[in-house]
Amino acid sequence: MWLRLQGKNADFRSTKNKLKQFCARINNKMKDRENKQFLPEAELTRLAINALEGLGLSAHDATDAARILIMAEMFGLTTHGVGRIESYGERLQIAGINPRPNISLEQVAPAMARLDGDNGVGPLVGYRALEAAMKNASDTGAALVLARGSNHFGPVSPYSYIAAEAGFASLIGSNATTTIAPWGGKEARLGNSPCGFGFPNPGGDPFILDMAISVAARAKIRNAAKAGQKIPDTWATDQQGRPTTDPNEALNGFLLPIGGHKGYGMALVVDLLAGLLSGAAYLTHVKSWVDSPEEPQNLGHYFLLIDTKRLGSAQWLSHRMNDFAKILHSTPAADPATPVLVPGEIENRNLARSKKEGIAIDASLLKTLEAFASPSSKG
């Protein structure tokens, strides 16, 4: 009898804790909503464009850069959305980024080009490289554009989505400031480089993968440190390269790559393509925009596109993509509450919801964007 009561008490405590956690999540969401405003896509786009113009970009360049950041926001990637205009703005105002770059394209072969971003805003340089890759891939069937002289270009998924909507499969990536030690090392030599792919799905949502090389983002570690919580020992190491569960030690140490030494190898490949082959900075040659905001980072990106229209009709590709998704979706789920998804499904849902309901933006961020957009910011 005592054991049965103990079991019931444990079940009750477990249920009570889950209820508390659920209520806390609801309260946090309610607080978040109180601090946010919902803007239609067109209104936020105008504000982002005006803010970038206020920081010195031309109307045309501001429009193209804003497209990437707005789409990131609508995908739910708020850490890489319009909030990035604030950090870009800080560097634009001290001439760390060139607001009026002379972006140039060198066609080194029919299907290969190198683009010099002239230290422009990253999403603008990335968008110009994507445009060049789509044009070349339309002409040749497949194309590679390597960009240099760039800065943080936002997330990969907006570029992949734009390419997929135009019928191109894509492999896209960028190098980044060093935060990862080589496997077995204890000094940062590699960036947490974003990379991903996109595959068109005529009549449906494209498949999109957007990922960085680390197991966890530094933002998650910072949140754990603020909450006084431990982290899994697979996330990061301390300064001596030893796995740690202490988030503060981790913040002073290095991020761990996904898949151990395999992730280390992936990070190398991204930097070899984006940094070394493009003519951009690579590894420790990349400047930190936090430590040296006034200096050009000279980041590099790669855009490898395949024109799927050369391979078959839209109906042919749609049938195969839908069958591909059906096979994955029909997989029995380990947890019925979380069915199997295909890459990009969450982002596509967020995009549809944002178009319908508007985009949630922090009130403080709106004030910052409005300040950049005001006439006084141009003087």
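The values are calculated or read from the model by the stated rules, or taken from the named source; none is laboratory data. Predicted model, so just to flag it, every value in this text is computed and none were measured. Heads up: the accessible areas ignore ligands, DNA and RNA and are worked out on the full protein's heavy atoms, side chains in. Shrake-Rupley method; radii C 1.70, N 1.55, O 1.52, S 1.80 Å.
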On the full set of protein chains, 1.4 Å probe, figure out the accessible area of D118 and give it in Å² to the nearest 10.
60 Å²
For the range 252-317, the convex hull over Cα atoms projects on average to an area in nm² of 7.7 nm²
Below 13 Å, Cα to Cα, which aspartates and glutamates can K356 reach? Residues fewer than 8 away in the same chain don't count.
E41
Just for the chain, what percent of DSSP beta bridges are antiparallel, to the closest 5?
85 percent
Residue by residue through the range 133-146, the couplings from Karplus 6.51 cos²θ - 1.76 cosθ + 1.60 with θ = phi - 60°, in Hz, x for Gly and Pro, are 5, 5, 5, 5, 5, 5, 7, 10, x, 8, 8, 10, 10, 10
Does the range 195-269 come out rounded, prolate or oblate by the C-alpha gyration tensor, with a ≥ b ≥ c the root eigenvalues, rounded set by a/c under 1.5 and, if not, prolate when a/b is larger than b/c and oblate if not?
oblate
Convex hull of Cα atoms in the chain, direction-averaged projection (nm²)
22.2 nm²
Most fluctuating residue given options W183, W235, W289, as computed from a GNM of the chain linking Cα atoms under 10 Å:
W183
Quick check: convex hull of the Cα atoms in the range 146-303, volume per residue, rounded to a whole Å³?
117 Å³
Per-residue ³J(HN,Hα) for the range 292-306, Karplus 6.51 cos²θ - 1.76 cosθ + 1.60, θ = phi - 60°, Hz, x for Gly and Pro
9, x, 7, 9, x, 7, 6, 6, x, 9, 10, 10, 10, 10, 10
Using just the helices of the chain, give the 222 nm mean residue ellipticity in deg cm²/dmol: DSSP H runs with n ≥ 4 each add -39,500 (n - 2.57), and the total is spread over all residues, rounded to 500.
-14500 deg cm²/dmol
Gap in Å between the Cα centre of the range 119-157 and the Cα centre of the range 31-71?
21 Å
With θ set to phi - 60° and the Karplus curve 6.51 cos²θ - 1.76 cosθ + 1.60, what are the ³J(HN,Hα) couplings of the range 252-261 in order, to the nearest whole Hz, using x for Gly and Pro?
8, x, 9, 6, 9, x, 4, x, x, 5
Using Cα pairs closer than 8 Å and at least 6 residues apart in sequence, work out the relative contact order for the chain, in percent.
22 percent
Using only Cα atoms and rounding to the nearest 10 degrees, what angle (0 to 90) does helix 363-373 make with the longest principal axis of the chain?
10 degrees
Tally up the carbon and sulfur contribution to the accessible surface of the range 144-203 as a whole percent, 1.4 Å probe, everything protein left in place.
59 percent
Carbon and sulfur atoms: what percent of the 1.4 Å accessible area of the range 227-284 do they account for?
56 percent
